[in-house]
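Worksheet: one structure, shown below.
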Amino acid sequence: MVASLVAPSTAPLRPRSTRLRWVSLPWTATLTDGTTAVVRGAAGYDADDLAAMIGRCSPRVLHERFLVPVEHVPLPLLADLLSTEVTFVARDPAGRTVALANIAAEDPRTAEVALLVEDACVGRGLEAAMLAHCVASAHLLGYRAVVQRALPDTLWPLRVLGRLGQVRVGHASSGVRVARLVLTETVMTAARGALRAA
Ligand SMILES: CC(C)(COP(=O)(O)OP(=O)(O)OC[C@H]1O[C@@H](n2cnc3c(N)ncnc32)[C@H](O)[C@@H]1OP(=O)(O)O)[C@@H](O)C(=O)NCCC(=O)NCCS
């Protein structure tokens, strides 16, 4: 658990670079099956492990994450995934990378968050834990809202965001659904609560 995420009220007084370092610190999530995963800021040296994880993902899961059918992730896309404003990876107790979370600026006040959990690890609460962490991190970095995208026929991934507060779901011209959550104090209290529980 990163203390600064639990009580971020003093953080806006700190330089943005310091806040970025804080959000990248490792923390341990306890999953619903009792196992743990270490979540930390990603770096270029995670590329091979991330490529291996993506290689274990089903086409359906990759389609849901990238919103277009994807057979394999080329090196430039892999590099992009590791260089969004904040990138988190989660590693299982065996040291395998099993999940990825990205935060990227949609506009100066809004961050897009996107998650990918490999098939073998779904349903253990990784999204719930990492999404709360992403929302807390986005707030710490000064964003006022977050958006998350999903395929039109796969709205359930947006449910987890909706547990933190009232989301407004619109759609892009492609039909992709865009859920928007304004980071009110109530939402941040919910996100910190979810982090404490993880
Ligand atoms: C969406 C995704 C991140 C969920 O990860 P996860 O770690 O399995 O999520 P959690 O275990 O925290 O579960 C979150 C909720 O989704 C539900 N869920 C998980 N897999 C599901 C599935 N295949 N169908 C319907 N609901 C599902 C869980 O039951 C849980 O809901 P609950 O708390 O009401 O029971 C993961 O499946 C994934 O990477 N999908 C592809 C990419 C994607 O859709 N990303 C989200 C948009 S960016």
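Laboratory data are not the source of any read-out in this text; all were calculated from the coordinates shown. The model shown is predicted, which means the values in this text are computed figures rather than measured ones. So basically every Cβ, Gly included, is an ideal-geometry build from the backbone, and we count neighbours across all protein chains shown.
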Hey, what number do you get for the chain at 222 nm if only DSSP H runs of n ≥ 4 count, each worth -39500 (n - 2.57), divided across all residues, to the nearest 500?
-> -10000 deg cm²/dmol
Relative contact order (%) - the chain, alpha-carbon pairs under 8 angstrom, separation at least six | 20
Per-residue HN-Hα couplings for the range 144-157 [Karplus 6.51, -1.76, 1.60; θ = phi - 60°; Hz; x = Gly/Pro] = 9, 8, 10, 10, 9, 10, 8, 5, x, 9, 9, 8, 4, x
Rounded Å value of the spacing that divides the Cα centres of the range 32-74 and the range 158-198 = 22
Work through the residues other than Val98 whose Cβ is under 11 Å from its Cβ and net out their charges, Lys, Arg +1 and Asp, Glu -1.
-> 0
Given the peptides 87-93, 125-131, arrange them by the average over their residues of other C-beta atoms within 10 Å, most packed first.
-> 125-131, 87-93
For the chain, the Cα-Cα pair-distance distribution in 10 Å bins from 0, as whole percents, is 9, 38, 39, 13, 0
The chain: DSSP helices with Cα axial extent of at least 20 Å and average Kyte-Doolittle hydropathy no lower than -0.5 = 126-140
What does a probe at Glu71 reach in the range 47-64, counting residues whose amide N is under 18 Å from the point 7 Å along Cα→Cβ?
-> 54-64
